[in-house]
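The values are calculated or read from the model by the stated rules, or taken from the named source; none is laboratory data. Given the structure is predicted, the values throughout are model-derived calculations rather than measurements. Here the Cβ is made from the backbone with ideal geometry for all residues, glycine too, and neighbour counts use every protein chain on show. Heads up: the accessible areas ignore ligands, DNA and RNA and are worked out on the full protein's heavy atoms, side chains in. Shrake-Rupley method; radii C 1.70, N 1.55, O 1.52, S 1.80 Å.
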Amino acid sequence: MTDVSGAGRREWQRRDWRTVVRTWGPPGNERLTTSTGLVLLVLLAVETLTTLALRSYLSVHIFLGLLLLPPVALKLASTGWRFLRYYTRSKPYRLEGPPRQLLRVLAPLLVASTLTLFGTGVALIVVGHGGGLLRTAHTFSFIAWGVVMIVHVLASTTRVLRVGFADLRRNAEHVVAGVRGRRALLGGALLAGVIVALATYPAQRAWLSHRGEQRHSNSLGRPPVVAMQELAPPL
């Protein structure tokens, strides 16, 4: 009886270890990364659309940009974890194989442009004025980020659409354990984003007000036609 009990305990431990590996190893990491990427794909698309008529939707652009901070951080963390575990020779990640060559090449560029884009955006709000080197850096980082992001999306859309909804399926927990934890992480990141955006709303309004006053002040010293063009909303 002791031997049977010991064998059963060892078998349970092996099953339990396999569950942990799948939960926090490559399968769970892939699901968290792709589901977060799917949410970001929608939010970043809306954020990008606001730039087409930025003068009219600047307040939405700022609010949504701040809301995006925690979900973007979660995506960088989950992707970075996979790279870290693979290159530190974690056996489960090594068995999964290396990240795709194109994604490995894009990763440093995407991370650098993302950090610069959101960093300069936050800095603009903190500094409290709407121009200068920060605005130039924010604009150029957006252009660089946009180019890299387009390639990244094209390279990963198939995987994101295939796996991104997996944790929403009825039998998701039976396929890869840890569904509740991954849902909590993604939901918590979105909730944290809403809290950040709402908590900084007064600073956002103050920045927009200062920018409006600055534009109005600058327009007073210009010819009437030029001033009217600057104050008029875009078509």
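What to note about this one:
- Unmet requirement for Val175, which otherwise passes all of (1) at pLDDT 95 or above; (2) surrounded by fewer than 18 Cβ atoms within 10 Å (Cβ to Cβ); (3) hydrophobic (A, V, I, L, M, F, W, C): (1)
- The residues of segment 199-224 that are open to solvent by 80 Å² or more (accessible area, probe 1.4 Å) and either closer than 17 Å to Gly132 by Cβ or modelled with pLDDT of 65 or more (or both), listed by number, are Tyr201, Pro202, Arg205, Glu213, Asn218.
- Flag if Leu43 is under 12 Å from the mean Cα position of the chain (by Cα) and more than 25 Å from Phe165 (Cβ to Cβ): no
To keep it simple, each residue is scored yes or no on (1) touching a helix residue (DSSP H, G or I) at 6+ places or on another chain (Cβ under 9 Å); (2) part of a loop (DSSP other than H, G, I, E, B); (3) of a type outside the set (A, V, I, L, M, F, W, C).
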| position | (1), (2), (3) |
| --- | --- |
| Leu115 | yes, no, no |
| Ala137 | yes, no, no |
| Phe140 | yes, no, no |
| Val147 | yes, no, no |
| Arg180 | yes, no, yes |
| Ala184 | no, no, no |
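- Residue in segment 70-82 that is farthest from Arg31 (Cα to Cα), counting only those that are among the aliphatic types (A, V, I, L, M) and crowded, with 19+ Cβ neighbours inside 10 Å: Val72
- Of the candidates Leu84, Leu67, Leu133, the single residue that is within 22 Å of Ile195 (Cβ to Cβ) and not hydroxyl-bearing (Ser, Thr, Tyr) is Leu67.
- Failed condition for Thr48, given (1) farther than 30 Å from Gln204 by Cα; (2) modelled with pLDDT of 85 or more: (1)
- Residues of segment 133-172 satisfying the condition of being surrounded by fewer than 16 Cβ atoms within 10 Å (Cβ to Cβ), under 19 Å from Thr50 (Cβ atoms) and among the hydroxyl-bearing types (Ser, Thr, Tyr): Thr139
- Candidates Pro98, Pro108: the one that is on the phi < 0 side of the Ramachandran plot, open to solvent by 60 Å² or more (accessible area, probe 1.4 Å) and part of a loop (DSSP other than H, G, I, E, B) is Pro98.
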